[in-house]
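For reference, the structure discussed in these notes is given below.
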Amino acid sequence: MQVRQLGEQVINQIAAGEVIERPASVIKELVENAVDAGARNIEIVTAAGGKTLMRVADDGEGMRQNDLKLAIRRHCTSKISDDDLFDIRTLGFRGEALPSIGSVARLTIQTRHREEDHAWAIAVEGGREQPLAPAARAGGTLVEVRDLFFATPARLKFLKSDRAETSAVTDIVKRIALAYPEVGFSISGVDRQAQSWPAARGNEPELARIAQILGQEFVENAMEIDAAREGVHLTGFAGLPTHHRGNAQHQFFFVNGRPVKDKLLLSGLRGAYADVLARERHPVVVLFFELDPAQVDVNVHPAKADVRFRDSQLVRGLLVGAIKQALVQAGHRSSTSNAAVALDALRSQGPGFQTSAAGAYTPGQGNTGRSAQAQAYPHARPQAGDRWNPDVFRPLEDDGAAMEGFAETAQKSFRAQNGFAEMSVPSADARAHQEPVETGKTELPLGAARAQVHETYIISQTTDGVVIVDQHAAHERLVYERLKEALAKKDVARQILLIPEIVELAEEDALRLHEKAADLEEVGLVLEAFGPGAIAVRETPALLGDMDIQGMVRNLADELAEWDTADGLKEKLDHVAATMACHGSVRAGRRMRPEEMDALLRDMEATPKSGQCNHGRPTWVELKLTDIERLFGRK
C-alpha cells in the first residue's frame, strides 16, 4: 500500500476531531483566547445551541494584520515563550483551535490592535482561506462561527439536542467565569435566556463571582479552603456535607487559572467526603490550585481539559487533607438550607400536614409521601424497638467510673455492670417540662433540651429559635469519630462475647470476611470461620455496646464485595468504622432521659463533623422563631 502525504485540509479536519467535539468546545477556545488577550468584558451569542451561530466579542488588545493571517494557520501561537512546553502561563498554546474551526465551519474574524489604523477581517470556509480585508471595529476582537460541521456533515449526527448543547455552552462559560472574576461575561441568543456576570469588584472578587454563579446559598454553606504544601497552594471553597447535589456538575477545579476535569482531583474529592456523604450524593466545590507550571503538564490532550501533575500524590494529599481539616473546623455546623427545606415542606402541605384554613396547617393522617428532606437524604432510618446500650455514648472504665464526655452528665442514670453501663430505672418521661430553662444552656449553639418527640427527635430551645436533633444520626457521628480516634491510636477496646454470634452467609462472603480477619481485628471485630458459609464473631468493639451483630457483619460482607481491591482493606477502615457506628448507635425509638439529651447536645458541640451523620444526612435542623411565627401567620 502506497504511503502518501495528507492534504492540509484533511489534516485540519483530523485536528478538528480532537479539538472541536461540539459547540461548547468552540466557545471554550474562543473565550480562552479572549481572556489571554486581556479582555475585561466578553460577550457570547449563540443560536441552535451553537450549531448555526456562535459569536464571541471582546475588548482585548486585538491582533495586528500579520498576526491575523498567521492565527488561522496550524501550529501558530503567541502563547509559548522560547518554545518551552513546560512553561505554559496562558489558557491556549497549541495553535490548533482557529484552523480546526475554520476547517469544519464558516469562520470570520474581525480584530483591531491599538497600534493599527483600522480593523482587519479574514474568513475561512471549510478550510478555504479568504483574502484579508479592512473592516470597521473600534477595538478588540470579534469571532463569528456559523454552520458548525457543515464541511463534515457526518459529525452533525453526533451532536445532541439544541437544549443540551446550549446547556453545555453555558457550563463552559461558567467555569471560565469562575476562574476570572475580574472579567465580565454575558451570554445571550434566540436559544436561551440571557445571563450576565459583571466583573466582580471589592476585597473578595472570587467570592462575589461564586455567589453570582452558584448562588448566595452556597456561599452561606461553604467552608473556606487555604492550604499549601511544597510549592502547591490550594484555595477556594468547599460546601458543607449537608449542602450537596445529586450529580457532580457543581464541582469546579482550576489549575493555574485553567478549568480542568481531572480524575485525580475527583478521586481526592470523593476521598475527602467519604465518611460524611452518601455515595449517591455529590459535594459542591470551587477549588483553585496554583503551582509552578513546570510541575504540571497541560499538554496531555488537545482539548486541555486533562492535566498531569509531576507529583500527583502531593496534590491529592493536599486536597484531601485541606478539606478534612475544614470539616473538622466546621464542628457541628450544618447547612442553613435544612430549615428552608423543612419550612417549604410545611408550606407545600408536606407529609403529616393538611390545610385547615387559608394559610394555616393542622396535623394530618393520610399523607404518606416522602418529604423533600427524605428524598435528599435517602439513607434508611433504623427501625424503632432496636436494643440500645445507653452507654454507647461512653463506656465505663473497669472501676465503674464514667469516662469523660457524653455519659458524664448522665452518669446518675447509669449503673456499672460487667464494665458497661445499663439503665438503673426505666426511661424517664421525656415530655416538655414546666420548670424554667437554664439561661446559660439556651445560649449554647444547640441550646437546652426540652423534650423528645416520637422517641426519635430531641427538641431543644435556643435564645432565638428551636433546634430539632435526630438522635440516631447525631449519635452515629459521635460513635464514629471516637472509633476513628481509637483507630488512629491503635487502641480499640474490645469486649468478648459470652456466646459467640454465628452469622450465616453466602460461602464467598464468608471466605472474603475470613481473609480480612486480621484487618477487621484492628477495628475491634474478632471473627473466625465456622464451617462453609458461616462466620463466628467472638469479640466486638467495646464502644458499640449491645449491637446488631448479624446486620453489621452482613453489611460488611456487602461492602467488601464492592471495594475489595489490591489496595487492601486497611485503606477502607473508616468505611468499616462507619458501618459499625451505624449499628452501634442509639436508635430511633429509644426514649431518652433529659440529662441524656443535654449530654448528647453538649457532645455534638464538641465533636468535629457532628452536623451530619456518616451518610451525609443532617443531624440537626434549626428553626428561627421568626420563621415559626411566619409559619403561623404571626408575621
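Laboratory data are not the source of any read-out in this text; all were calculated from the coordinates shown. Worth saying up front: this structure is predicted, and the values here are computed from it rather than measured. Because the Cβ atoms are built from the backbone with ideal geometry, glycine has one as well, and the counts that use them run over all protein chains shown.
For a 18 Å ceiling on Cα separation, which of these pairs sit above it: Lys174/Lys263; Lys28/Lys51; Lys51/Lys160?
On the way: Lys174/Lys263 20 Å; Lys28/Lys51 15 Å; Lys51/Lys160 10 Å.
Those over the limit are Lys174/Lys263.
Would you mind ranking Thr46, Thr170, Thr463 so that the residue whose beta carbon has the fewest other beta carbons within 10 Å leads the list?
Numbers: Thr46 29, Thr170 18, Thr463 11.
Taking fewest neighbouring Cβ atoms as first place, the list is Thr463, Thr170, Thr46.
Once a ≥ b ≥ c are taken as the square roots of the eigenvalues of the Cα gyration tensor of region 8-197, is the result rounded (a/c under 1.5), prolate (a/b larger than b/c) or oblate (a/b not larger than b/c)? Before the final figure, lay out each step's value.
On the way: a/c = 1.33, a/b = 1.11, b/c = 1.21.
Since a/c stays below 1.5, the shape of region 8-197 is classed as rounded.
Express in nm, to one decimal, how much length is gained between Gln193 and Glu559 on full extension, taking 0.36 nm for each residue of separation and deducting their alpha carbon distance. Walk me through the numbers on the way to the answer.
Details: separation 366, 0.36 × 366 = 131.76 nm, distance 4.54 nm.
That works out to 127.2 nm of additional length.
Have a look at Leu142, Ala211, Val190 and report the one farthest towards the positive end of the charge dipole of region 142-212, computed about the Cα centre with Cβ charges (Lys/Arg +1, Asp/Glu -1).
So the residue we want is Val190.
By average Cβ neighbour count within 10 Å, what is the ranking of 308-314, 250-256 from highest down? Intermediate results must be reported in sequence, preceding the final value.
Details: 308-314: 14.6, 250-256: 21.1.
Highest-to-lowest ranking by the protection proxy: 250-256, 308-314.
Would you mind computing, in nm to one decimal, how far apart the modelled labels at Asn299 and Ala606 are, each placed 7 Å from Cα along Cα→Cβ?
It is 5.7 nm.
Need the C-alpha centroid separation for region 228-243 versus region 28-74, integer Å.
One Cα centre to the other: 32 Å.
Assign one of three labels to region 215-330, namely rounded, prolate or oblate, based on the Cα gyration tensor with a ≥ b ≥ c the square roots of its eigenvalues; rounded applies when a/c is under 1.5, prolate when it is not and a/b is larger than b/c, and oblate otherwise. Before the final figure, lay out each step's value.
Numbers: a/c = 1.81, a/b = 1.50, b/c = 1.21.
Judged from the Cα gyration tensor, region 215-330 comes out prolate (a/c at least 1.5, a/b above b/c).
Using the Karplus curve 6.51 cos²θ - 1.76 cosθ + 1.60 with θ = phi - 60°, what ³J(HN,Hα) values do you get for each residue of region 120-128, in whole Hz, with x for Gly and Pro?
With the stated coefficients, region 120-128 comes to 10, 10, 8, 10, 9, 10, x, x, 8 Hz.
Work from the charge dipole of region 215-330 (Cβ charges, +1 for Lys and Arg, -1 for Asp and Glu, about the Cα centre) and give the residue of Ala238, Ile225, Val296 farthest towards its positive end.
Checked the options; the winner is Val296.
Go ahead and run the numbers for FRET between Thr626 and Val328, Cβ-Cβ distance against an R0 of 35 Å, rounding to 0.05. If you can, show how the numbers build up before the last one.
Details: r = 31 Å, r/R0 = 0.90.
E(calc), rounded to 0.05, equals 0.65.
Just grab the label-to-label distance for Leu511 and Asn66, each label 7 Å out from Cα along the Cβ direction, in nm (one decimal).
Those two pseudo-labels are separated by 7.4 nm.
Suppose every K and R has +1 on its Cβ and every D and E has -1 on its Cβ; what is the size of the dipole of region 8-197 about the Cα centre, in Debye to the nearest 20?
Values: 25 positive and 28 negative charges, 139 e Å.
Taking the Cα centre of region 8-197 as origin, the dipole is about 660 debye.
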